[in-house]
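Just so it is clear, none of the values below were taken in a lab; they were calculated from the coordinates. Computed from a predicted model, the values in this text were never measured in an experiment. Virtual Cβ from ideal backbone geometry, glycine too; neighbours counted across all protein chains shown.
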Amino acid sequence: MGASQSQPQEEEEDTPAPAPAATPRPESPVPPLAEHPTAYLIGDGASCMTRDRGEILALHGQGRCFGRVRGVGGAEAQRHWAELVLSPEETLYLTERNLLTVYDDEREVSYEELRQRYEGDEAFARLSLVYEFYRNKGWVVKPGFQFGADYILYRGPPDEFHAEHAVVVLDAAQPTQWWIAKTVARLAADVRKHLVLARVDGSDIFELVVDDAFARPADALAGRRRAPVQKGAKAHSKKRKRKESGQGMAPPDTPVEGASP
């Protein structure tokens, strides 16, 4: 090699790692659909619903996690699923790939007709494009309204993994004020998520992962599985044992060592 290479400099111990240029890929992609389920339109948009248990398992089970299950929540949902509601983004994503057949009463609805329901809605067009972008990468994409974002990204099923990223979809043609980005970044840090700004320019998506002093606490839960939740008498018994063993804060009447009586 003609050019001389400089010796690598030792990094300082407290130097934080640089922010990633884009969101990392999950370890394993979402399993493909082997079945061809059907669903029925609800409302005026492209949202649809199915109440057939086989259809629900095909769309929501085995790590695919499409839709939102309504009925009995928590672990009991595995035995008492009532219905599955697919968002417009999910419906369009599945029908475009011929993985879902949608009906309006007895009439089959094509992908083109579903797309026409949102024709002229530029905001939804950006959301749908970003949803497809991350789904194709293997992420489980869910609405992020309660986290102050458009979407949140899971490495696997939400009942097994913590969400890693909060995605805010932006229009590249519109300037974003710095205080809005900072506010969303602060909120993302409070809920322990990495903030991703996804700027949409036509059919292109440019990602910016915000990783400053506010966002670093997200590393504590990123990609980790959820701990099993103790419920009922078992959890109460553990709490009682901790109380009896003296763990936790000392009671108000406990004398402090070195203090005068």
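Side notes on the structure shown:
- Linear extension gain, R97 paired with V85, 0.36 nm per residue minus alpha-carbon span: 2.5 nm
- Proximity of backbone amide H atoms, modeled 1.01 Å from N, is registered between D171 and V200 at under 5 Å, excluding neighbours fewer than 5 places apart on the same chain.
- Two-site FRET efficiency, Q62 against K182, from Cβ-Cβ distance with R₀ of 51 Å, rounded to 0.05: 0.80
- Along the stretch 142-149 the Karplus relation, 6.51 cos²θ - 1.76 cosθ + 1.60 evaluated at θ = phi - 60°, assigns HN-Hα couplings of 10, x, x, 4, 5, 9, x, 9 Hz to successive residues, with x for each Gly and Pro.
- FRET efficiency, 1/(1 + (r/R0)^6) with R0 22 Å, evaluated for D44 and A172 via beta carbons: 0.15
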